[in-house]
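Each reported figure results from applying straightforward, stated rules to the coordinates on display, with no laboratory input. Bear in mind that the values here come from a model prediction, so they are computed numbers and not experimental data. Ideal geometry is used to build each Cβ from the backbone, glycine not excepted, and the neighbour counts take in all protein chains shown.
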Amino acid sequence: GAGVSQSPSNKVTEKGKDVELRCDPISGHTALYWYRQSLGQGLEFLIYFQGNSAPDKSGLPSDRFSAERTGGSVSTLTIQRTQQEDSAVYLCASSLAPSADTQYFGPGTRLTVL
Amino acid sequence: KQEVTQIPAALSVPEGENLVLNCSFTDSAIYNLQWFRQDPGKGLTSLLLIQSSQREQTSGRLNASLDKSSGRSTLYIAASQPGDSATYLCAVKSGGSYIPTFGRGTSLIVHP
């Protein structure tokens, strides 16, 4: 079946604008993760969903960042009033169950804030 | 708090060499450990997943081992090829948390 997909693949925006990033997980996967990868940095955890609820939002860097997941499937990460330091690749991953299963990653969205 | 370290940070080898990438972690109470590869500008591709009860996993030319007591995992790549050039990351999912902790990766270049 299809893997994890993300859209857009690239997004260039101006400082101060809001952006929405979308993730379509593998069908049937209950766990969904958002990460951020900045140039030369490791993967930074942002938020984790189990079904539609987010038991762990501890990685969201500020209140400008929010995410939701509807129908236990598609997730949207929203960044309000973007700043230049938000520029990064945003990666989404899903797994069948949260504990012991393989994580499958999407190709990422490269966000550039001018 | 779990910490994951990967050594070396970068590695360049000639084609055909067998090589070992290292991953160490500080908390041995883990659910599993997963090895990924990441090609430039791409997402992560899962290579091998080792559950906490397992000692090793093999896929083709790749073999990953896990020693929980010493907090170490190794990824062995046999007969390396230029197509193996990528960044290799390990991720540890600890007991009590569903959030994996990633290492910074080892950047591998295999030259012809």
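Observations, loosely collected:
- Note that chain B shows a convex hull volume over its alpha carbon atoms of 91 Å³ per residue.
- Scaled radius of gyration (Cα, divided by 2.2 N^0.38 Å) that the protein assembly as shown gives: 1.02
- The GNM of chain B, with springs linking C-alpha atoms under 10 angstrom apart, assigns the highest mean-square fluctuation among B:THR45, B:THR74, B:THR87 to B:THR45.
- The stretch A:3-112, dipole about Cα centre (Lys/Arg Cβ +1, Asp/Glu Cβ -1), debye to the nearest 20: 200
- Among B:GLY71, B:GLY16, B:GLY96: highest mean-square fluctuation, GNM of chain B, C-alpha pairs under 10 Å: B:GLY96
- Counted over the protein assembly as shown, the DSSP beta bridges are approximately 90% antiparallel.
- Normalised convex hull volume, the stretch A:1-112, alpha-carbon set, Å³ per residue: 95
- Of B:LYS42/B:LYS93; A:LYS11/B:LYS93; A:LYS57/B:LYS42; A:LYS17/B:LYS1, those spanning more than 29 Å from alpha-carbon to alpha-carbon: A:LYS11/B:LYS93; A:LYS17/B:LYS1
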